[in-house]
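The values are calculated or read from the model by the stated rules, or taken from the named source; none is laboratory data. The structure displayed is predicted, hence computed values, not measured ones. Here the Cβ is made from the backbone with ideal geometry for all residues, glycine too, and neighbour counts use every protein chain on show.
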Amino acid sequence: MLRPVLKPDTQEVISQFLRHHVNIAKANGVVIGMSGGLDSSVLAKLAAEALGPEKVLAVMMPESSTPDECMADAQAMADEWGIEILTVRINDMVISASRTMKCSDRGRLGNIKSRCRMVILYNLAAERKMLVLGTGNKSELLTGYFTKWGDGGSDICPLGDLYKTQVRELGVQLGVPESVLARVPSGDLWKGQTDEGELGIDYATLDRILLGIELCMKDRDIVKGAAVTEAQVKHVRGLVAKTVHKRRMGLIPKVGARTIGQDWREADLSL
């Protein structure tokens, strides 16, 4: 069956990526928002092994809808892996922002929470001269399941080319606790919220379809190879198509000789 498979050298590739980018930025290490969920747990362990735990700062940012068991798991993992962990409660920050903007909509309030967390991470990163790690995976990035300039904002995104199911496989290899591996994926932005509920499809099915799209397969071949329905393929293609803007920086009209986001290349600076 068509499905994403974790390559044997994945951990080493990501480890080299982390070391390289921390080195060229002359950073003191990395800061990561640690929620007790799968992605942040896997990335925290990867970073600790690649850079050394003394170069990793984990930050828990709970608010009213954050489950206590998630925070307990995050604290336990950080303690076991030798990672410094801070707790910054964001209730007051979220309440102040939502009142200022007169926002009561659940979805928009979730975006506010996500952006408040990124403000905290970047403030700590500036204070300590660190890079901010994004915890997004390929499944989330391709479907636009993230907050633009919230959890979608980071300096580097080490898990961004791994589907959710591959991240879980990597978590097993790294020894991430079973309680974390088995937890229902959720951003905990409101009570009862789950990733799969919002996406309208489970991750295992989603990832098989996304892989087919990545491989430029026709819909009928994805249906057959991934054992899914035409309606599911159409649904996923729709998610990918309508969220293109979330995977691009602000679009710039072309006026100059070389334009950022179009024909500008950072490597050109070495010429």
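Figures for the structure shown
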read-out	value
Region 252-271, residues that are exposed (fewer than 10 other Cβ atoms within 10 Å of the Cβ) and in contact with a helix residue (DSSP H, G or I) (Cβ under 8 Å, 6 or more places away or on another chain)	none
Residue in region 163-174 that is assigned to a helix (DSSP H, G or I), free of Cβ contacts under 8 Å to residues at least 24 places away in the same chain and in contact with a Leu (Cβ under 7 Å, 6 or more places away or on another chain) present	yes
Tally, over region 97-110, of residues that are under 14 Å from residue 65 (Cα atoms) and in contact (Cβ under 8 Å) with a residue 12 or more places away in the chain	3
Residue in region 52-68 that is at pLDDT below 95 and outside any loop (DSSP other than H, G, I, E, B) present	yes
Residue, surrounded by the most Cβ atoms within 10 Å (Cβ to Cβ), within region 176-222, restricted to residues that are among the β-branched types (Val, Ile, Thr) and out of contact with any Gly (no Cβ under 8 Å at 6 or more places or on another chain)	209
Residue tally, condition in a loop (DSSP other than H, G, I, E, B), under 18 Å from residue 45 (Cβ atoms) and not hydroxyl-bearing (Ser, Thr, Tyr), over region 121-160	8
One residue from 225, 192, 200 being free of Cβ contacts under 8 Å to residues at least 12 places away in the same chain and out of contact with any Asp or Glu (no Cβ under 8 Å at 6 or more places or on another chain)	192
Test: residue in region 28-46 that is within 16 Å of residue 134 (Cα to Cα) and over 17 Å from the mean Cα position of the chain (by Cα)	yes
Members of region 227-239 found to be of a type in the set (A, V, I, L, M, F, W, C) and surrounded by fewer than 17 Cβ atoms within 10 Å (Cβ to Cβ), listed by number	227, 231
All positions within region 141-166 that are closer than 20 Å to residue 117 by Cβ and β-branched (Val, Ile, Thr)	147, 156
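Yes or no, residue by residue, for (1) under 24 Å from residue 177 (Cβ atoms); (2) crowded, with 18+ Cβ neighbours inside 10 Å; (3) at pLDDT below 95; (4) under 19 Å from the mean Cα position of the chain (by Cα):
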site: 104; (1), (2), (3), (4): no, no, yes, no
site: 149; (1), (2), (3), (4): no, no, yes, yes
site: 153; (1), (2), (3), (4): no, yes, yes, yes
site: 162; (1), (2), (3), (4): yes, yes, no, yes
